[in-house]
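K.L.:
What follows is a single structure, and I will ask about it in a moment.
The values are calculated or read from the model by the stated rules, or taken from the named source; none is laboratory data. As the structure is a computational prediction, the values presented were derived from the model and not from experiment. When we count neighbours, we look across all protein chains shown, and the Cβ atoms used for this are built from the backbone with ideal geometry, even at glycine. Side chains included, ligands, DNA and RNA excluded: accessible areas come from the protein's heavy atoms. Shrake-Rupley method; radii C 1.70, N 1.55, O 1.52, S 1.80 Å.
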Amino acid sequence: MRPTFRRFALAALALAIPVAASFSLPSPGHAATIVIVNNDGANEGFNDPTPVAPVGGNPGTTLGAQRLFIFKHAASIWGAILPSAITIRVAAQFNSQTCDATSGVLGSAGSQSAHANFAGAPLTNHWYHQALANKLSNSDLSPSDDISATFNSDVDNSTCLGTSNWYYGLDGAEGSDIELLPVVLHELGHGLGFSTFTSSSTGGTLSGTPSAYDHFLFDESTGLHWDQMTNNNARKNSAVNTGKLTWDGAGTNRAAALYLGHEPEVHVTAPASVAGDYVALSADFGAAATPGGVTANLVLVNDGTAPTSDACEPIQNGGALAGQIAVLDRGTCTFVAKVAAAQSSGAVGVIVVNNAAGAPITMGGTDPSIVIPAVMISQADGTTLKNAMLSATVTGTIRESATRVAGLTAAGRMKMYAPNPVESGSSVSHFDVSATPDVLMEPAINTGLHDTVDLTHDLLVDLGWLANVTAVATTAAAPGFRVQSAPNPFHPYTVISLDLPAGGATRVALFDIQGRLVKRLVNSWLPAGRHAVTWDGTDDQGRSAGAGVYFARVEASGVEASQRLVKLEP
């Protein structure tokens, strides 16, 4: 089992009323200052004096110093992205958390208080996280810290998650350890607004009032947003409506369609009685599904010991698997062990059938020696295929879907995590695990995450951290604001044109399709009017960024725009 993020933990709520700001404020485009407040005692957590060597760009020489460095670095990443004139204070500490040799809680974070009906609130009678409410009201609505965060100090002990420890570097070279930086970015995302104050277990809202987050939760089965549901049971049922509970924010869904790849599927061609496409989730290891895919007959594994098809004991029908796609059940042994055993028997692909009702799950693990694709399908779909295999030869392909985007519904909405039964602290307040590539705000840590906030940024924009506009049109949020680029596609350079209706802090930065920063083009005050910014196709180090898709993100006049750019081969 992969270690989990844990998820949203709401600190004690102080239901505050707005107060007037007592000082002048910078422009709405001002980058946020996020301060880490050290809540640890002497010789623990951030103050742990254990000597360590600097690692991966982290200069700290004690365990505590390295931990604090990572937190400050994560704060600087979020601070550079989000605008707020009000300092955001994060009360942080390291303590023992639930953990054993195979799974554990890594950290938790939440807003210190909730605010509604303050001056500048986009929605009336909706709760907002404290840091966002402060930003929107341009005032400090509560004198307390804004976010409370607790992280697991036991990860550095041998009793927690086996030999895996926290990795405190900035280079993404965590190996078998757990990189702290993306976990901190994830938990800060919760505290900044990526969570609901509504109970996913009961459907009950906080003091009878929905969250701003609920305004964007949309159930495609009922056609209602959570703040439109008048019955707690409706929200309770929606919280377990796997694949149908979605995010209905324009910015997130527009960005997701560009960011996410197509999902894998099992395409069955024979017999006709079971022919069709079956939803699947790829493993974290092995080959990725391709458009052409791997085609072969489906063969059920037999390991000779009940349950005979989980491949947790030596496979007895290995000869029948050679050149075929192995079908096996989820069981007590690791996913890596199952797939490796099937590959050793000559299987060209593996379909794992979930042993629990509901949607398939992502199969975690690492094994570079596994080079065949492995996917999981639901228990219901697996039963259908296994029953057909009793009397006929079933032929199928593990492939990438030509139409379905991994993590989006057919209507183009981002899927939210809604497992059945509900998972307290994880359900609803995360993106669904079907997103590919993995995104920061899934409920479990994934090794591909590092120092980017990907679609988390877009969801926070939907909530109000930045007004979101289309890339080539004016907007009522900032009349006269416009972004265009030409030539596009381009080589070797393109010019990004900005029409600014008012002077103010302006930032223009280039990101690759994975959300990684490529180059900062503008970070200064610009006057109203038209401006031209040239990108020569290089990164911040002057190296060629290579052909591909990039995004220019512009923040100015209190709004944001993103422009898709395509750099061509020479």
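K.L.:
Take the conditions open to solvent by 20 Å² or more (accessible area, probe 1.4 Å), touching a Pro at 6+ places or on another chain (Cβ under 7 Å) and within 30 Å of K135 (Cα to Cα) and apply them to D248. Does it pass? Break it down into steps so the answer makes sense when it comes.
P.N.:
Working: open to solvent by 20 Å² or more (accessible area, probe 1.4 Å): yes; touching a Pro at 6+ places or on another chain (Cβ under 7 Å): no; within 30 Å of K135 (Cα to Cα): yes.
For D248, the condition - open to solvent by 20 Å² or more (accessible area, probe 1.4 Å), touching a Pro at 6+ places or on another chain (Cβ under 7 Å) and within 30 Å of K135 (Cα to Cα) - is not met.
K.L.:
Check whether at least one residue in region 260-275 is without any contact (Cβ under 8 Å) to a residue 24 or more places away in the chain, among the hydrophobic types (A, V, I, L, M, F, W, C), surrounded by fewer than 17 Cβ atoms within 10 Å (Cβ to Cβ) and in contact with a strand residue (DSSP E or B) (Cβ under 9 Å, 6 or more places away or on another chain), and report yes or no. Before you say what the answer is, go through the steps one by one.
P.N.:
First pass over region 260-275, keeping only residues without any contact (Cβ under 8 Å) to a residue 24 or more places away in the chain: 272, 275.
Those left that are additionally among the hydrophobic types (A, V, I, L, M, F, W, C): 272, 275.
Within this subset, residues satisfying the condition of being surrounded by fewer than 17 Cβ atoms within 10 Å (Cβ to Cβ) are 272, 275.
Right, trim to in contact with a strand residue (DSSP E or B) (Cβ under 9 Å, 6 or more places away or on another chain) and you get 275.
Yes.
K.L.:
Of the numbered conditions (1) closer than 19 Å to K244 by Cα; (2) of a type outside the set (F, W, Y); (3) crowded, with 21+ Cβ neighbours inside 10 Å, V453 satisfies every one except a single condition; which is it?
P.N.:
Failing condition for V453: (1).
K.L.:
Follow-up. For region 418-437, name all the residues that are open to solvent by 30 Å² or more (accessible area, probe 1.4 Å) and either of a type outside the set (D, E) or under 15 Å from the mean Cα position of the chain (by Cα) (or both). So that I can check it myself, show each step before the final result.
P.N.:
Within region 418-437, the first condition is being open to solvent by 30 Å² or more (accessible area, probe 1.4 Å), and the residues that meet it are 420-424, 436-437.
Answer for region 418-437, where residues must be open to solvent by 30 Å² or more (accessible area, probe 1.4 Å) and either of a type outside the set (D, E) or under 15 Å from the mean Cα position of the chain (by Cα) (or both): N420, P421, V422, S424, T436, P437.
K.L.:
Further, regarding this structure: Look at region 46-66 and say how many of its residues are crowded, with 21+ Cβ neighbours inside 10 Å and closer than 20 Å to V453 by Cβ.
P.N.:
Total meeting the criteria: 1.
K.L.:
Within region 353-379, work out how many residues are within 24 Å of the chain's Cα centre (by Cα), open to solvent by less than 20 Å² (accessible area, probe 1.4 Å) and farther than 21 Å from P421 by Cα.
P.N.:
Qualifying residue count for the region: 3.
K.L.:
Moving to a separate point now. If you go through region 534-550 one residue at a time, do you hit one that is of a type outside the set (V, I, T), open to solvent by 60 Å² or more (accessible area, probe 1.4 Å) and assigned to a strand (DSSP E or B)? Working first, answer last.
P.N.:
Of all residues in region 534-550, those of a type outside the set (V, I, T) come to 535-537, 539-548, 550.
Within this subset, residues satisfying the condition of being open to solvent by 60 Å² or more (accessible area, probe 1.4 Å) are 536, 540-541, 543-544.
Within this subset, residues satisfying the condition of being assigned to a strand (DSSP E or B) are 544.
Within region 534-550, one or more residues are of a type outside the set (V, I, T), open to solvent by 60 Å² or more (accessible area, probe 1.4 Å) and assigned to a strand (DSSP E or B).
K.L.:
Moving on. Can you find, within region 306-328, the residue that is farthest from S369 (Cα to Cα) among those that are open to solvent by less than 30 Å² (accessible area, probe 1.4 Å) and outside any helix (DSSP H, G or I)?
P.N.:
Of everything passing the filter in region 306-328, S309 is farthest from S369 (Cα to Cα).
K.L.:
Among the candidates R507, R516, R530, which residue alone is of a type outside the set (G, A, S), open to solvent by 40 Å² or more (accessible area, probe 1.4 Å) and free of Cβ contacts under 8 Å to residues at least 60 places away in the same chain?
P.N.:
On inspection, the qualifying residue turns out to be R530.
K.L.:
A410 is checked against (1) touching a residue at least 12 places away in the same chain (Cβ under 8 Å); (2) farther than 20 Å from T295 by Cα; (3) surrounded by fewer than 18 Cβ atoms within 10 Å (Cβ to Cβ) and fails just one. What number does that condition carry?
P.N.:
All conditions pass for A410, except number (1).
Per-residue answers, yes or no, for (1) of a type in the set (D, E, K, R); (2) out of contact with any Cys (no Cβ under 8 Å at 6 or more places or on another chain):
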| position | (1), (2) |
| --- | --- |
| T332 | no, no |
| A340 | no, yes |
| G349 | no, yes |
| N354 | no, yes |
| A359 | no, yes |
| S378 | no, yes |
| D381 | yes, yes |
| A388 | no, yes |
| V405 | no, yes |
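K.L.:
Test each condition in (1) surrounded by fewer than 21 Cβ atoms within 10 Å (Cβ to Cβ); (2) touching a residue at least 40 places away in the same chain (Cβ under 8 Å); (3) under 12 Å from R330 (Cα atoms); (4) of a type outside the set (A, V, I, L, M, F, W, C) for G382 and report the one that comes out false.
P.N.:
That leaves (1) as the condition not met.
K.L.:
Right, something else. D177 versus (1) on the phi < 0 side of the Ramachandran plot; (2) open to solvent by 10 Å² or more (accessible area, probe 1.4 Å); (3) in contact (Cβ under 8 Å) with a residue 24 or more places away in the chain; (4) not basic (K, R): which is the lone unmet condition?
P.N.:
Result: D177 passes all but (3).
K.L.:
Quick one: which strands (runs of 3 or more DSSP E) sit completely within region 342-409 and have at least 1 residues that are modelled with pLDDT under 90? Let's see the steps before the verdict.
P.N.:
Details: elements: 349-353, 374-377, 395-405.
In region 342-409, 395-405 are the strands (runs of 3 or more DSSP E) which contain 1 or more residues that are modelled with pLDDT under 90.
K.L.:
What number of residues within region 123-151 satisfy the criterion of being in a loop (DSSP other than H, G, I, E, B) and within 26 Å of E44 (Cβ to Cβ)? Step through it out loud before you land on a result.
P.N.:
Taking region 123-151 as the starting set, the residues that turn out to be in a loop (DSSP other than H, G, I, E, B) are 123-126, 138-146.
From what is left, the residues that are within 26 Å of E44 (Cβ to Cβ) are 144-146.
Counting residues in region 123-151 that are in a loop (DSSP other than H, G, I, E, B) and within 26 Å of E44 (Cβ to Cβ) gives 3.
K.L.:
Any residue at all in region 96-110 that is under 25 Å from K135 (Cβ atoms) and more than 25 Å from the chain's Cα centre (by Cα)?
P.N.:
No, that holds for no residue.
K.L.:
Need pairs with beta-carbon distance below 6 Å; first residue of a type in the set (A, V, I, L, M, F, W, C) and within region 50-61, second not in a loop (DSSP other than H, G, I, E, B); sequence gap 6+ or separate chains.
P.N.:
Pairs that qualify, where the first residue is of a type in the set (A, V, I, L, M, F, W, C) and the partner is not in a loop (DSSP other than H, G, I, E, B), are V52/L63.
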